[in-house]
Amino acid sequence: MRVVSIRFLVGPLILVLAAAGSAAAQETTVVGTWTLDMKASQNVPDAQKGVDLKISLDGKVLTTARFVGEKAVGEPMALILDGASRPQEVGGQKANVTAKWLKAGTAFEHVVSMMQAGSVFPTTQKIVTEVSPTGTTLARTYEIRRGKEMQDRLLVYRRR
């Protein structure tokens, strides 16, 4: 009977595990194309129904583009994920936007504050976007405040 060296078995096993870990890490990023899951979502506004997301990342700049099928809807939103507040146009309105990573590559938060027409109170949206550990689901949790009013929203997306 032949005895096999442990070093002979451990080397290839480490390579296989490293490759599997690398593939899993690529899967669990927010970057990708995401399809809205209406059944899993809550308080979906009409403007979001049937709208999918494409998220890309270039250094600290994360861009979210919205699509219906293959057609772009509106302007993409670029966020600089460094925690600094910046003036930015959002949906044709002036706003202040702050964005930062909560967990690099898998979760980020951005806060949009703007005045709404006819209101004396600013509207503030705190949006936390996080991909699941499996990388197949993306959740966007919204906390929307105007004065003392608050509304919650959950949009759930599946990787396309």
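When the range 37-66 is examined, which residues are found to be β-branched (Val, Ile, Thr), outside any loop (DSSP other than H, G, I, E, B) and open to solvent by less than 50 Å² (accessible area, probe 1.4 Å)?
The answer is Ile55, Thr63, Thr64.
Quick one: in the range 144-153, of everything that is open to solvent by less than 60 Å² (accessible area, probe 1.4 Å) and part of a strand (DSSP E or B), which residue is farthest from Met38 (Cα to Cα)?
Ile144
Anything in the range 112-136 that is more than 18 Å from Leu57 (Cα to Cα), open to solvent by less than 90 Å² (accessible area, probe 1.4 Å) and part of a strand (DSSP E or B)? List them, or say none.
Of everything in the range 112-136, those that are more than 18 Å from Leu57 (Cα to Cα), open to solvent by less than 90 Å² (accessible area, probe 1.4 Å) and part of a strand (DSSP E or B) turn out to be Val112, Ser113, Met114, Pro122, Thr123, Thr124, Gln125, Lys126.
Got at least one residue in the range 85-92 being under 15 Å from the mean Cα position of the chain (by Cα) and either farther than 24 Å from Arg160 by Cα or buried (at least 16 other Cβ atoms within 10 Å of the Cβ) (or both)?
No, the range 85-92 contains no residue that is under 15 Å from the mean Cα position of the chain (by Cα) and either farther than 24 Å from Arg160 by Cα or buried (at least 16 other Cβ atoms within 10 Å of the Cβ) (or both).
I'd like to know if the range 81-89 contains one or more residues that are closer than 21 Å to Trp34 by Cβ, part of a strand (DSSP E or B) and among the charged types (D, E, K, R).
no
Among the residues of the range 101-111, are any assigned to a strand (DSSP E or B), out of contact with any helix residue (DSSP H, G or I) (no Cβ under 9 Å at 6 or more places or on another chain), in contact (Cβ under 8 Å) with a residue 60 or more places away in the chain and open to solvent by less than 70 Å² (accessible area, probe 1.4 Å)?
Yes: the range 101-111 contains one or more residues that are assigned to a strand (DSSP E or B), out of contact with any helix residue (DSSP H, G or I) (no Cβ under 9 Å at 6 or more places or on another chain), in contact (Cβ under 8 Å) with a residue 60 or more places away in the chain and open to solvent by less than 70 Å² (accessible area, probe 1.4 Å).
Scan (1) farther than 19 Å from Arg159 by Cα; (2) without any contact (Cβ under 8 Å) to a residue 40 or more places away in the chain; (3) open to solvent by less than 50 Å² (accessible area, probe 1.4 Å) for the single condition Glu75 breaks and write down its number.
(3)
Testing Lys94 on (1) without any contact (Cβ under 8 Å) to a residue 12 or more places away in the chain; (2) among the basic types (Lys, Arg); (3) in contact with a Pro (Cβ under 7 Å, 6 or more places away or on another chain), one condition comes back false. Which one is that?
Tallying (1) without any contact (Cβ under 8 Å) to a residue 12 or more places away in the chain; (2) among the basic types (Lys, Arg); (3) in contact with a Pro (Cβ under 7 Å, 6 or more places away or on another chain), Lys94 fails exactly one: (1).
Quick check on my filter: what residues within the range 61-76 are modelled with pLDDT of 95 or more and touching a Phe, Trp or Tyr at 6+ places or on another chain (Cβ under 9 Å)?
The one that is modelled with pLDDT of 95 or more and touching a Phe, Trp or Tyr at 6+ places or on another chain (Cβ under 9 Å): Leu62.
The values are calculated or read from the model by the stated rules, or taken from the named source; none is laboratory data. Remember, it's a predicted structure, so these values are computed and weren't measured experimentally. Every residue, glycine among them, receives a Cβ derived from its backbone with ideal geometry; neighbour counts consider all protein chains shown. Please note that ligands, DNA and RNA were not included when accessible areas were found on the heavy atoms of the full protein model with its side chains. Shrake-Rupley method; radii C 1.70, N 1.55, O 1.52, S 1.80 Å.
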